Amino acid sequence: MSLSISSFFRSKAQATLVNSVIRRFTFNGSDVSARVTEFAELNHDVSDFITGEYVLEVENVSGTFNSLYVDKTQFYKAGVFEYGFATEAGSEDMVQLFGGVLTKASMKGPSARLQFRDKLTLLTEKYIGDDKTHVSYTSSNYNPADLAWYLITSYGGLSTVKSTSNPDVDYPTWETWYNGFSGDSVVVQGYFKGETVAEALEKIARLTDSSIYDEGDNKVDFARWTAVSTSYLTVTDSHIIGDIELSITGNELVNTVDVLINYNVSSDTWGGTVTRINTGSVNSYGTHKETYDDTAVWFVNSAAAINQAERIVFRRKEPNLVARAVTPLCFIEANIGDVIYMTSRVHSFDQKIMTLTRYSVDVNKNRMVLDIDEGFGRSPGKMTGLILDDPYWGLLDASYNALF
């Protein structure tokens, strides 16, 4: 879920001269900000399921962190990074940009490096069965969100609380994710033979055209590509530092999709294949095919497979126009998959509808880098209306593009 920032925070973040900045890192309940020599950049990328570790560079002249040798119980204790501003009234306006646990520390001379890992990274250490003991979810049909929930709680050890008080899962995003599948009657089954929980989640995300990520609050978030959105950010020339970089890539182009359905674990056979082809795209660019045939997670019926195949051949039918923009921290509440209205006089863009696929935050320079594309790549991109000449998203009915 996107960060919530105040108007005061936004005005400070987009100021030409940023002052009264507070960068606070708390480890195991103690503020160690005064010891930090460099804060690492924070990166969020739709193509990277696991964002990696957060590294904190600290001075250790005083020997403050030598205690890690003596008291090893400090490992796997919480580290939280907050950024914000002091107000004129003497209070603070802060947002959390990272949360994780300490997993590694290294010392060299008067310096130390502390490495922290978030929830998703920790799920790479949790396994679902093994070579001899397989875990089957084939006796029933499952909403993909339910299957993911069972895996992160039963095998990942995350909280089972189904409410906003869940400390490990951003429950509102999970609930929205669940409702989307329920509305489209999407059901899956699964069979695991020693995959990590992270690997299993990545398979679910790919199969269902979803993103599973951590936006910095040390909670797992969920999102599925959806055609229509009212949530957006506006980026104009007044926000840009330097020049916008533009490129066009066809690396993610897909216009022919095969989705295999109803896998039989015992016989190692499939019950059928759903194929969808975007003929216009094939005529323009040739055939670019993708196949969904994972035997760990699969669709049970053709309805779900059709839903997935038609999404992909629509959304990835043409090369992506990609933009990279450097801005102040005025978009720090950005979320992967957000709609971006891009205006640029140089490139003749007037509120061009694009999608945020990656962003980085550099709190040392008080800047962000936004990677934005037209929404037809691997991101959970969105439109703001229907496309009249499209055979799928140009239809006006409850199944395709309901207006009411």
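The values are calculated or read from the model by the stated rules, or taken from the named source; none is laboratory data. Note that the structure is predicted; figures quoted are calculated from it, not measured. For neighbour counting, all protein chains shown are included, and Cβ atoms are generated from backbone atoms with ideal geometry for every residue, glycine included. These area figures cover heavy atoms from the full protein model, side chains too; ligands, DNA and RNA do not enter into them. Shrake-Rupley method; radii C 1.70, N 1.55, O 1.52, S 1.80 Å.
Could you work out what % of the accessible surface of the stretch 174-310 is carbon and sulfur, using a 1.4 angstrom probe and leaving DNA, RNA and ligands out of the count? Numbers along the way, then the final one.
Numbers: 2510 of 5900 Å².
Carbon and sulfur: 43 percent of the exposed surface of the stretch 174-310.
Please list 3J(HN,Hα) in residue order for the stretch 213-222, calculated via the Karplus relation 6.51 cos²θ - 1.76 cosθ + 1.60 where θ = phi - 60°; whole Hz, with x for glycine and proline.
Couplings: 7, 10, 7, x, 8, 6, 10, 7, 10, 9 Hz.
Can you tell me the relative contact order of the chain? Whole percent, Cα pairs under 8 Å, sequence separation 6 or more. Before the final figure, lay out the partial values.
Values: 872 pairs, mean separation 68.3, N = 404.
This gives 17 percent for the chain.
Using alpha carbon coordinates only, what is the Rg to Rh ratio of the chain, with Rh defined as the Kirkwood radius? All intermediate terms of the calculation are to be shown ahead of the outcome.
Values: Rg = 22.8 Å, Rh = 23.0 Å.
Here the Rg-to-Rh quotient is 0.99.
Which whole-number percent gives the relative contact order of the stretch 247-300, counting Cα pairs below 8 Å spaced six or more residues apart?
Values: 78 pairs, mean separation 24.3, N = 54.
Taking the mean separation of contacting Cα pairs over the length of the stretch 247-300, I get 45 percent.
Non-local amide H neighbours of Phe349 (under 5 Å, H modeled in plane, Pro and chain starts lacking H): which ones?
Ser344
So for each of 94-101, 68-75 I average, over its residues, the number of other beta carbons within 10 Å; can you give me the resulting order with the highest mean first? Please list the in-between numbers first.
On the way: 94-101: 19.9, 68-75: 11.1.
Taking the mean over residues of other Cβ atoms within 10 Å, the ranking is 94-101, 68-75.
Using the charge dipole of the chain (Lys, Arg: +1 at Cβ; Asp, Glu: -1 at Cβ; taken about the Cα centre), state which of His347, Thr164, Thr287 has its Cα farthest towards the positive end.
Farthest along the dipole direction, towards plus: Thr164.
Filter the cross-link list Lys126/Lys162; Lys203/Lys365; Lys119/Lys203; Lys203/Lys289; Lys119/Lys317 down to pairs whose alpha-carbon distance in this structure exceeds 26 Å.
Numbers: Lys126/Lys162 21 Å; Lys203/Lys365 37 Å; Lys119/Lys203 17 Å; Lys203/Lys289 18 Å; Lys119/Lys317 34 Å.
Violating the 26 Å limit, Cα to Cα: Lys203/Lys365; Lys119/Lys317.
I'd like to compare 250-260, 199-209: which one has the highest average count of other Cβ atoms within 10 Å, and what's the full order after that?
Listed from highest to lowest mean packing, they are 199-209, 250-260.
List the chymotrypsin sites (Phe, Trp or Tyr not before Pro) in the stretch 232-328 that DSSP assigns to loop (not H, G, I, E or B) and whose Cβ has at most 16 other Cβ atoms within 10 Å. Which are they? Write down the numbers at each step before the final one.
Working: sites: Tyr232, Tyr263, Trp270, Tyr285, Tyr292, Trp298, Phe299, Phe314; in loops: Tyr263, Trp270.
The qualifying sites are Trp270.
Keeping every protein chain present and rolling a 1.4 Å probe, give me the accessible area per residue for the chain in Å². Mind showing how you got there, number by number?
Values: 18410 Å² over 404 residues.
Accessible surface, normalised per residue, equals 46 Å².
Over the stretch 165-316, what is the mean sequence separation of C-alpha contacts under 8 Å (at least six apart), divided by residue count, expressed as relative contact order in percent? Mind dumping the intermediate values first?
Working: 204 pairs, mean separation 45.1, N = 152.
Relative contact order comes out at 30 percent.
Going by average Cβ density within 10 Å per residue, which order do the peptides 30-42, 142-154, 211-223, 108-120 take, highest to lowest? Walk me through the intermediate numbers first.
Working: 30-42: 15.5, 142-154: 21.5, 211-223: 23.5, 108-120: 18.5.
Per-residue mean Cβ counts within 10 Å order the peptides as 211-223, 142-154, 108-120, 30-42.
How far is the Cα center of the stretch 77-98 from the Cα center of the stretch 8-23, in Å?
12
Residue by residue through the stretch 261-274, which ³J(HN,Hα) values in whole Hz follow from phi under the Karplus form 6.51 cos²θ - 1.76 cosθ + 1.60 (θ = phi - 60°), with glycine and proline marked x?
Per residue, the Karplus-derived 3J(HN,Hα) values read 10, 6, 5, 9, 5, 5, 9, 6, 10, 9, x, x, 9, 9 Hz.
Given the rule -39500 (n - 2.57) for each run of at least 4 DSSP H residues, summed and divided by the residues of the chain, what is its mean residue ellipticity at 222 nm, to the nearest 500 deg cm²/dmol?
On the way: 8 runs with 67 residues, N = 404.
Helix contribution divided over all residues of the chain: -4500 deg cm²/dmol.
May I ask for the Kirkwood hydrodynamic radius of the stretch 121-217, worked out over all distinct Cα pairs and given in angstroms to one decimal? Write down the numbers at each step before the final one.
Numbers: mean 1/r = 0.0723 Å⁻¹.
About 13.8 Å, per the Kirkwood formula over Cα pairs.
How far apart, in nm, are two points set 7 Å out from the Cα along the Cα-to-Cβ line at Thr295 and at Val346?
5.2
In degrees, nearest 10, range 0 to 90: what is the angle between the Cα axis of helix 197-207 and the longest Cα principal axis of the chain?
50
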